[in-house]
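Okay, structure first, notes after.
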Amino acid sequence: MKLNITNQFQDFLQSIGVDLPLLLERANVPNKLWKEEISLTDLEYYRLLQEFDQVMTEENIRQLSQFSHIQMFVPAFFAALSSPNGLEALKRFARFKKITGPIVVDSIELENTVEVSFKFIHANMALPKFSVLNEQLLVLSLLRTGVGAQHLSLVVESPYDYDDVTLETIGAQVQKGETNRLIFDKTDLFKPFLTQNNIMWQYLEPELNQHLARQEREQSFTGHVQQELYKAIPSGFFSVADISRHLGVSVRTLQRNLTSENTTFKQELQAVQKAMAFSYIKMGLPTEEISYLVGYSEVNAFSRAFKKWTGKTVTEYRKEMF
């Protein structure tokens, strides 16, 4: 996928002390910021999220989620804000959020409430705190801007702790849980948006639909291989022949296409296994279970691989993380 990184957004990150070129380097993402655009596979995007998580404070995240900064670089917010109400805004936001990255927005409409949650496109990859808090604050900023009011009746759940200023910004008690959720009273979501703009929506809708379609067509072959690996590894059937069959190509064609993108099947397999392992460790799963989930039949083999990847044992890595 291609991600637009405007000079304005780069300047904003610099103003809050975030060195974007350094984060790209650490995430092993090619730096093409001079084009105001970078191309990312799902795995590269996930690595970049993890790097942001290491450097972004809650104060930084609160600044990032302010609408005065959002309007620089997220056209999906304009589409949502042009909606007649919050309910329609959430639907538009969930659809067009895909343009800005592989984070899925789930919106579940119940009788009296609407639940909004966020997940990485591959469900076995846990979103870091940076992503969860940023997405939650972005949606709150969107709805508050639309209705022109700060107060919304809601319940918030997060797997992460937030500081007092963040809790005040959210304006509701945050429950600690395994999932992330924003639960809104449907009455608030039916309030008319002061920002409704049918003319803007008529202009934006076809443009955003074309962007979504183009993004899907332009996904790299490496990205397709990674997607299949994410799904196949936990099942135990993830050989090059298995992945080739899922993609409908021969093994030779798969290998040739990866070579043309300067990678190999072995490199992509190990990269996905590493990302999955880090995510499962962050979720607190035991080493034996992680070993099985990332495709190792023996714990010792996984432990040796992990030491090779990081230079640390799993136990040492856990201690540093927690």
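What shape does region 165-296 take by its C-alpha gyration tensor, where a ≥ b ≥ c are the square roots of the eigenvalues and a/c under 1.5 counts as rounded, a/b above b/c as prolate, and the rest as oblate? Oblate, because a/c is 1.5 or more while a/b does not exceed b/c. The stretch between residue 25 and residue 161, if pulled fully straight at 0.36 nm per residue, gains 46.1 nm over its current Cα-Cα span. The H on the amide N of residue 5, modeled in the peptide plane, is under 5 Å from the matching H of 37, 38, each at least 5 residues off or on a different chain. Label positions at residue 121 and residue 187, each projected 7 Å from the Cα along the C-beta direction, are separated by 4.0 nm.
Among the protein heavy atoms, those of residue 161 account for about 110 Å² of accessible surface (1.4 Å probe, every chain in place).
Projecting the Cα atoms of 279, 235, 315 onto the dipole axis of region 228-322, where Lys and Arg carry +1 and Asp and Glu carry -1 at the beta carbon, places 315 farthest toward the positive end. Descending by average beta-carbon neighbour count within 10 Å, the peptides 96-106, 193-203 line up as 96-106, 193-203, the highest first. Gain on full extension, evaluated as 0.36 nm per residue between residue 196 and residue 214 minus their Cα-Cα distance, stands at 3.8 nm.
Modelled spin labels at residue 207 and residue 176, positioned 7 Å past Cα toward Cβ, are 4.5 nm from each other.
Rolling a 1.4 Å probe over the protein heavy atoms of the chain, with every protein chain left in place, gives an accessible area that is 50 percent carbon and sulfur.
Ordered by solvent-accessible area of protein heavy atoms (1.4 Å probe), largest first, the residues 253, 166, 179, 187 come out as 187, 179, 253, 166. What the chain shows is 50 Å² of accessible area per residue, with the surface traced by a 1.4 Å probe over protein heavy atoms.
The values are calculated or read from the model by the stated rules, or taken from the named source; none is laboratory data. None of these values were measured; they are calculated from a predicted model. Neighbour counts are summed over all protein chains in view; Cβ atoms, including those assigned to glycine, are modelled from backbone coordinates with ideal geometry. In case anyone asks, the SASA skips ligands and DNA or RNA and just uses the protein heavy atoms, side chains included. Shrake-Rupley method; radii C 1.70, N 1.55, O 1.52, S 1.80 Å.
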